[in-house]
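Have a look at the structure below, then the notes.
The values are calculated or read from the model by the stated rules, or taken from the named source; none is laboratory data. Quick caveat: nothing in here was measured; it's all calculated off a predicted structure. No Cβ is skipped: glycine too gets one built from the backbone with ideal geometry, and neighbour counts run over all protein chains shown.
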Amino acid sequence: MKNLGVVGIILLVVCGVCLFVAFERYQSNASNVRAMSGRISIGSAAEPGTPPATKYALFFGLLSGGGALYCLVAGRKPNG
């Protein structure tokens, strides 16, 4: 089951990319909210929410991470 090991490593890379995208999208949204809060003087400061791109990237990151874990564990089992 050598192929499962390769698939597991590829899924780990996909997981890392998805988590990086989620972090970057959230940070971008937070900096935009901070910039807009600085320009507009409202009684209370606006809190950044979680954009949909971050939610989707986290979902697919967790999904691919779970798949990678399964592939790496199943690929280590001896055939027999």
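A few comments on the model shown:
Residue-by-condition table, conditions (1) part of a loop (DSSP other than H, G, I, E, B); (2) modelled with pLDDT of 85 or more; (3) in contact with a Pro (Cβ under 9 Å, 6 or more places away or on another chain):
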position: 12; (1), (2), (3): no, yes, no
position: 17; (1), (2), (3): no, yes, no
position: 20; (1), (2), (3): no, yes, no
position: 23; (1), (2), (3): no, yes, no
position: 26; (1), (2), (3): no, yes, yes
position: 31; (1), (2), (3): no, yes, yes
position: 41; (1), (2), (3): yes, no, no
position: 45; (1), (2), (3): yes, no, no
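- Residues in the stretch 48-80 that are touching a residue at least 12 places away in the same chain (Cβ under 8 Å) and in a loop (DSSP other than H, G, I, E, B): 48, 49, 50, 51, 77, 79.
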